[in-house]
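**Student:** Quick one: this structure, given as structure tokens, is what I'll be asking you about.
The values are calculated or read from the model by the stated rules, or taken from the named source; none is laboratory data. What you are looking at is a predicted structure, and each value in this text was computed from that prediction instead of being measured. Here Cβ is always computed from backbone atoms with ideal geometry, including for glycine, and neighbour counts include all displayed protein chains. Side chains are part of the model used for accessible areas, which takes the heavy atoms of the whole protein and leaves out ligands, DNA and RNA. Shrake-Rupley method; radii C 1.70, N 1.55, O 1.52, S 1.80 Å.
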Amino acid sequence: MLSDVKVFKNVCPRNCYNTCAMLSYVVDGKLIKVEGDPSHGYCQGRLCGKGYAYTRYVYSPKRLRYPLKQYPRGSGNWVRITWEEAFNLISAKLLELNHRYGSNRSLAYNKCSGNVGILHYATEGMFNSFGSHTKLRGNPCMSAGMDAVEYSSGEGRSPDPEAMTNSKLIVIWGANPAWTAVHQLNFINQARDKGAVLVVIDPVYTATAATADHYIQVRPGTDGLLALGIAKVLVEEGRYDSSFVKEHVVGWESFYKYLQEKVSLEEVQRLTGVAENVLQLLADLYSQNDPATNWCGYGLQRHQNGGQNVRAIYTLSALTGNVGKIGGDFYYFHPSTDFFPMNLLNLQGPDDGQVSRALDINNYPSQALSLVDPPMKFLWIAARNPLSQDQEVQDWTRLLKELEMVVTVDLFMTKTAEASDIVLPATSHFEDFDINVSYWHHWLALNQKAIEPYYEAKSDLEIAKELTRRLNELQPGFSNFPSERTAEEWIESEFTSEILRLYGLSSWRDLEEVPAKLQFGNNPWLDLNFKTNTGKFEIFSKNAKDDKLPALPRFWAESSDLSFPLRMLTPQNITSIHSQNWALEWIGSDKRGNVVTLNPQDAVQRKVEDGDLVRIYNAQGSVTRKARLNPEVLQGMVIIYQGGKEPVNSLLSGLSADMGKKHSGSEGAALYNAFVEVEKIVRSQI
Amino acid sequence: MTEQMGFLFNAERCVGCKSCEMACKNENSTPANVNWRRVSSLSTGNNLSISCNHCESPECFRVCPQRAYVKRRDGIVMININRCDGCMTCVSACPYKAPQFDLEKQKASKCTFCLPRREVGLLPACVSACHTGALSVINTDQPPKNTVPTIEGFPDIRLTKPSIRFRPVKEKLRYWVSSKE
């Protein structure tokens, strides 16, 4: 029987650091199990808990099998339709709108990270092929920090994370790899086995913090100030790398003056909550361990001062002379897709004499509702669940009511799909070809078609091909999408001679054997040749100043909301990736899923006891959770994990971070600048 | 030389990521309610990953009215599913909740030390999946140095003599924000 097992190569396409290469075991066309691909040098044959549960994703009883239509929208009166009917309904609407407004600018898409495979940019490619339309710009995840990195070193590149094995000190600022990047622990532990010290700085006592040699709790949004405090101690005591600073840094004098005159250690202690002896300990660790690496997570830049937080921590790497050092350096985000042509994303549409417009992903519905000439009428949602994961959930609900047609492509009946007219079933990554790179490690891997599509599911690319074909039958020349081009031909087109050289490949087909690693630039600043205008590391950034930002990594306290005194953090749970939670069936709906965690003192003040049902509310909305009391949670702060039946995002402020425009086209989201009140639900209220 | 296959659990390294628990389900296709390996958080703040401990004196073996359990020469305890009549005596007798009751099949089932993988020279799926080296395979007749027979939070070992050893947790330094600003 074992001889009937076929093994395929797949890549986990989730919005995750690790982008794991997998081996898929298929018997009689059915996926029976998955394993990590041992030939992938970063993942080394292991998957995370969610990854090992992938058979539950593919064969979930909740998975969508056929195209569906409901009338009226949101009624739940779903009817199964054929793909032909779906394409006809959608085409008729697209053409009618095109004729009504004389352009396709009333058509919009909203697509993000549900599947980050390169061929999933077929959605953007399809809209490009219509000519001018309404686009999406910006990034909700990491854009503020990315700009911070670019202001400092000129280019957002992250070193090879495998090099962390050489570190003597690893400081993780606001990341929880035990839950969100578990493969990195292998490299961190190799360093620890050689004597490295692991420090975790985080407002939340995470599973990663629990394993660290030193856990340092810090108040949310003050990480940058803590970094400046450490910098001040190091500089005052002359324990910084003066030759690095002299040769490779711009703006030292003004930064020195800023530390001297504006940063007071008393204020650092008061605002960050980090005591004087701990500040001293951190300074000692940085000055006594060489090389020392900083890993800056995404949480601390989801603040109004998020970009400045990242700049301050990066500056700490520079003044300790760690930038460019193997085993030292600064880790944030590696934009691997920037190397590729991204032919689908960049598909050149026909020139219809009009210009596309774009909506900010972080304020999408409010901007969409205000569009005129023409107003937005049609929305295509793919790889996205904004009603669970976006800001401005209330505006989203309004927008979805006002549009003339909403189409959602997904594997499951998400909150957003429930509010659509037509839902199209999408394939999983086991059901079509793709290629995947990571925003963390430097590997590239091929995703093969291991099994046939589940029932009538189709990939984003297949849908784009078939819908554009239908549109062109009805109105010749409507779209210039190359609908005959196969998935493998799109892959082939990504492998320019430059890409082949960068990854040391002779053909993309080499990836059928083993994944490939980037051969160049694994340590982007090894030669200390920074990509800034000055060629140096810019602690003083003229570009930042020109963009109306502080030139130096200054600290400023973000706004708070006095009527809602508790700050709410919404980190990832171990069981899910954002709202994608297929692993729950195996992992079990864990205790954290439907819970708000708060400090016992805050609970006492509100007469809330452990296990009570509570209402968490602010001016934006209200959700219900079970209260859990935990003294490890900072006073004045609550934690609610992402997603849920009543998605927690309805409480978000909609505020923006300070940076993000430079790299992503719009400011990042200050997701952690959310303030709430908690009250016990008494029986009569239920 | 005698042999007793067993696990070494490094409590210092386990981060509770559940890769072992899920890899076990993926490998053995166990139904949703049957978890041959389980990861839990201990009150000490550490984690515990536990499966069948292939005990020296297996209580399941002793109590089974159908004599469905065997202890192999390599120490691995196996259940013969064909003999099991689903009486659940073993399920309630085991201190480690190793035999799990399969509601569909109405029988007990448990960790096989991944015997089919072992036969082709592979480690158990849980050990292969561990990212931190917290789980490894040892011969508990020759326990490695600096290991201890139990840790806080692990059930009493006196009854069954489980084939598991532990590396204890080192003390770590914690600096909490003490009060509200």
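**Student:** Return one number: the angle in degrees, 0 to 90 and rounded to the nearest 10, between the long axis of the Cα atoms of helix A:276-288 and the longest principal axis of the Cα atoms of chain A.
**Tutor:** That helix lies at roughly 80 degrees to the long axis.
**Student:** Amide H of residue A:197: which non-local residues (sequence gap of 5 or more, or other chain) have their own amide H closer than 5 Å, using H built in the peptide plane?
**Tutor:** Under 5 Å from the amide H of residue A:197 lie the amide H atoms of A:169, A:170, each far enough along the sequence or on another chain.
**Student:** Step by step: find N for segment A:293-409, compute 2.2 N^0.38 Å, then divide the Cα radius of gyration by it. What's the final number?
**Tutor:** Normalised Cα radius of gyration, segment A:293-409: 1.50.
**Student:** May I ask you to derive the relative contact order of segment B:5-167, considering only C-alpha pairs under 8 Å and at least 6 residues apart, and to give it as an integer percent?
**Tutor:** Reported relative contact order: 34 percent.
**Student:** Then there's this: Summarise the accessible area of segment B:5-167 (1.4 Å probe, protein heavy atoms) by the percent that is carbon and sulfur.
**Tutor:** 51 percent
**Student:** Which residues, if any, in segment B:2-20 have at least 10 Å² less accessible area in the whole protein complex than in the isolated chain, probe 1.4 Å?
**Tutor:** Residues losing area: B:12, B:13, B:15, B:16, B:17, B:18, B:19.
**Student:** Normalised radius of gyration for segment B:47-112, please: alpha carbon Rg relative to 2.2 N^0.38 Å, two decimal places.
**Tutor:** Relative to the rule-of-thumb radius for its length, segment B:47-112 sits at 1.03.
**Student:** Could you please report the charge total around residue A:649, scoring K, R as +1 and D, E as -1 over all other residues with beta-carbon less than 11 angstrom from its beta-carbon?
**Tutor:** -2
**Student:** Here is a follow-up. Please work out the Cα convex hull volume for segment A:566-685 and give it in Å³ per residue.
**Tutor:** Looking at segment A:566-685, the number lands at 125 Å³ per residue.
**Student:** I need the phi-derived Karplus couplings for segment A:38-55: 6.51 cos²θ - 1.76 cosθ + 1.60, θ = phi - 60°, integer Hz, Gly and Pro marked x.
**Tutor:** Result, ordered by residue: x, 7, 8, x, 8, 7, 6, x, 10, 10, 8, x, 5, x, 5, 9, 5, 4 Hz.
**Student:** Checking the a/c ratio against 1.5 first, then a/b against b/c, what shape does the Cα gyration tensor give for segment A:139-201?
**Tutor:** It comes out prolate by the Cα gyration axes.
**Student:** While we're looking at this one, here's another question. I'd like the distance separating the alpha-carbon centroids of segment A:172-225 and segment B:25-70, in whole Å.
**Tutor:** 31 Å
**Student:** In addition: Of A:168, A:607, which has the most accessible area and how do the rest follow, probe 1.4 Å?
**Tutor:** Ranked list, largest accessible area first: A:607, A:168.
**Student:** Oh, and also: Could I have the simple spin-label model distance between residue A:531 and residue A:355, label points 7 Å from Cα toward Cβ, reported in nm to one decimal?
**Tutor:** 2.7 nm
**Student:** Also: Work through the residues other than residue A:365 whose Cβ is under 12 Å from its Cβ and net out their charges, Lys, Arg +1 and Asp, Glu -1. Please report the intermediate quantities before stating the final value.
**Tutor:** On the way: positive: A:398, A:401; negative: A:360, A:390, A:392, A:395, A:402.
In short, -3.
**Student:** Averaged per residue, what accessible area in Å² does segment A:408-483 show with a 1.4 Å probe, protein chains only?
**Tutor:** 28 Å²
**Student:** Just tell me how shielded A:267-279 is by partners: mean number of partner chain Cβ atoms within 10 Å of each residue's Cβ, no decimals. Mind showing how you got there, number by number?
**Tutor:** Values: counts 0, 0, 0, 1, 1, 2, 7, 3, 4, 0, 1, 3, 1.
Neighbouring Cβ atoms belonging to other protein chains average 2 per residue here.
**Student:** Still on this model: Can you pull the mean other chain C-beta count within 10 Å for peptide A:36-49?
**Tutor:** On the way: counts 5, 0, 1, 0, 0, 0, 0, 1, 1, 2, 6, 6, 7, 12.
The mean count of partner-chain Cβ atoms within 10 Å per residue comes to 3.
**Student:** Turning to a different aspect of this structure: Please work out how many pairs of lysine residues in segment A:188-271 are eight or more positions apart (or on different chains) and have Cα atoms closer than 25 angstrom.
**Tutor:** Going through segment A:188-271 pair by pair, I get 5.
**Student:** A further question follows. For segment A:517-564, which whole percent of the accessible surface, found with a 1.4 angstrom probe, sits on carbon and sulfur atoms?
**Tutor:** On the way: 1460 of 2790 Å².
Carbon plus sulfur share of accessible area: 52 percent.
**Student:** On to the next question. For residue A:607, list the aspartates and glutamates whose Cα falls under 16 Å from its own Cα; do not include residues on the same chain fewer than 8 positions away.
**Tutor:** A:677, A:679
**Student:** In whole Å, what are the Cα extents of segment B:5-167 along the three principal axes, biggest one first?
**Tutor:** 40, 36, 31
**Student:** Whole angstrom only: what separates the Cα centroid of segment A:235-312 from the Cα centroid of segment A:1-66?
**Tutor:** 43 Å
**Student:** Within straight cross-link reach of residue A:548, meaning Cα distance under 15 Å, which aspartates and glutamates are found once same-chain residues fewer than 8 apart are removed?
**Tutor:** By straight Cα distance, residue A:548 reaches A:147, A:658, A:667.
**Student:** What FRET efficiency would be calculated for the residue pair residue A:493, residue B:29, taking the C-beta separation as r and a Förster radius of 35 Å, to the nearest 0.05?
**Tutor:** Efficiency for this residue pair is about 0.35.
**Student:** On to the next question. Eigenvalues of the Cα gyration tensor times 5, then square-rooted: what semi-axes does that give for segment A:130-258, in whole angstrom, largest first?
**Tutor:** Equivalent ellipsoid of segment A:130-258: 27, 25, 16 Å, largest first.
**Student:** Could you give the angle, 0 to 90 degrees to the nearest 10, between helix A:83-101's Cα long axis and the longest principal axis of the Cα atoms of chain A?
**Tutor:** Here the helix axis deviates by roughly 80 degrees.
**Student:** Work out the length of the dipole vector of chain B about its Cα centre, built from +1 on the beta-carbon of each Lys and Arg and -1 on the beta-carbon of each Asp and Glu, and round it to the nearest 20 debye.
**Tutor:** Taking the Cα centre of chain B as origin, the dipole is about 60 debye.
**Student:** Further, regarding this structure: Going down the table (A:168/A:531; A:458/A:626; A:377/A:626; A:9/A:465; A:6/A:135; B:18/B:105), which pairs top 30 Å between alpha carbons?
**Tutor:** A:458/A:626; A:377/A:626; A:6/A:135
**Student:** Other chains' Cβ within 10 Å of A:189-195 residues: what's the mean?
**Tutor:** What the average comes to for A:189-195 is 1.
**Student:** Is the shape of segment A:486-572 best called rounded, prolate or oblate, per the rule: a/c under 1.5 gives rounded, else a/b larger than b/c gives prolate, else oblate, with a ≥ b ≥ c the square roots of the Cα gyration tensor eigenvalues?
**Tutor:** In terms of gyration-tensor shape, oblate.
**Student:** Return a whole-number percent for the relative contact order of chain A, with Cα pairs under 8 Å and 6 or more residues apart as the contact set.
**Tutor:** This gives 21 percent for chain A.
**Student:** Extent of chain A along each principal axis, from alpha carbon coordinates, in Å, largest to smallest?
**Tutor:** Here the Cα extents, ordered largest to smallest, are 74, 70, 61 Å.
**Student:** Still on this structure, please answer the following. Could you state the angle between the C-alpha long axis of helix B:19-28 and the longest principal axis of the C-alpha atoms of chain B, as a value from 0 to 90 degrees rounded to the nearest 10?
**Tutor:** Value to nearest ten degrees: 20.
**Student:** Within 14 Å, Cβ to Cβ, of residue A:79, how many net charges do the neighbouring residues add up to if Lys/Arg are +1 and Asp/Glu are -1?
**Tutor:** Charge balance near residue A:79 sits at +2.
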